[in-house]
């Protein structure tokens, strides 16, 4: 057991815990300490700005060992309290049970918090569903006045994390763990996994205290409030990692870009099928999927190029020649960073009217909405963007409005610091 006067530090070469005085300004808790998606990218950017830009001392607590190289600086200590993602462990039974409630994780976190928290320390929780489990909230109950949880997804409000029915590929309107929710087979894998998620959700509700929540858009806050209202939710937009360059002259470009992995909730396959039905003639560049992902779809009449996942430099090269971007996601999302990123480059967006990417379109007036389940809606929207004048108008307006107040990491961390005061 740690002494109350001791502070915990991590010897980075061995990962061993040693005792020494070390006051932390922020303790950041999340599943992964390396960039493997949008959530982790936000976490890494936030820690870098706090530790280097603001000279704050950070303790990063994760459920997996891998650490982003850029986080190896003198103001960041890293401690691993988990054994990696639950659903990919070799012992699936052990992974499933610990995913519902991992007592070992709870006890380790409890010791860390007792040893490291001072009167001024704030706790920022970004993710727990992959490798930490709801057990962390039991350890955090004594520190609810200083704990802030980011809703990068909806796992605090929905068992499957998305208010999305993967079987019918539409958003779900049921209240979490209501009778209709319990009997609905909405999981992407099977109803057995749905039962597991329900058990985990009950464990979460029993463990959680009244920590303050952060939504990343007003649109995602509206989704949360529709199903499970909480008064203590603030909004902090995720940072956009872009350097200002000249506007992309989209009106002079020919091909269009689609971004999204080939999973049901992202709506990429459904969009391509609709485009095939209306005999869409422009070249379509798909970032995030391979052609083999659509092997059983009738897309032969489309001029399709699939690139898989690309690095930032390659994405920017493709976007520089894009006329507009499709964002076809069928689930609510929480923000849809790619929408704002495209607008900031000067690329207009055609966005499905069921996801939170709509907020950026409304804010920057740089695109059009369509109904992803209606062929005519998509067709009419595309016709409007055949006009160079319409494309240019959206491109110029969005670019100007975004850069008048960019959503960069400095602004993001300013909001974090303000809310944590």
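The values are calculated or read from the model by the stated rules, or taken from the named source; none is laboratory data. What you are looking at is a predicted structure, and each value in this text was computed from that prediction instead of being measured. Every residue, glycine among them, receives a Cβ derived from its backbone with ideal geometry; neighbour counts consider all protein chains shown.
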Say whether the condition of being under 30 Å from the mean Cα position of the chain (by Cα), in the same structural domain as residue 131 (by TED's automatic domain parsing), crowded, with 17+ Cβ neighbours inside 10 Å and modelled with pLDDT of 50 or more is met by at least one residue in the stretch 16-24.
yes
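Listed here are the residues, each with its yes/no results for (1) in the same structural domain as residue 86 (by TED's automatic domain parsing); (2) at pLDDT 95 or above; (3) buried (at least 19 other Cβ atoms within 10 Å of the Cβ).
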{"site": "194", "(1), (2), (3)": "yes, yes, yes"}
{"site": "200", "(1), (2), (3)": "yes, yes, yes"}
{"site": "205", "(1), (2), (3)": "yes, no, no"}
{"site": "224", "(1), (2), (3)": "yes, no, yes"}
{"site": "245", "(1), (2), (3)": "no, yes, no"}
Scan the stretch 381-421 residue by residue and report those that are more than 19 Å from residue 339 (Cα to Cα) and touching a strand residue (DSSP E or B) at 6+ places or on another chain (Cβ under 8 Å).
416, 419, 420
Kindly evaluate residue 334 against the criterion of being surrounded by fewer than 24 Cβ atoms within 10 Å (Cβ to Cβ) and either in contact with a strand residue (DSSP E or B) (Cβ under 8 Å, 6 or more places away or on another chain) or not in a helix (DSSP H, G or I) (or both).
no
In the stretch 124-181, the residues that are in contact with a strand residue (DSSP E or B) (Cβ under 8 Å, 6 or more places away or on another chain), assigned to a loop (DSSP other than H, G, I, E, B) and within 12 Å of residue 213 (Cα to Cα)
126, 156, 157
Give all pairs with beta carbons closer than 6 Å in which a residue from the stretch 112-133 that is outside the structural domain of residue 196 (by TED's automatic domain parsing) meets a residue that is crowded, with 23+ Cβ neighbours inside 10 Å and assigned to a loop (DSSP other than H, G, I, E, B); count only pairs at least 6 apart in sequence or on separate chains.
none
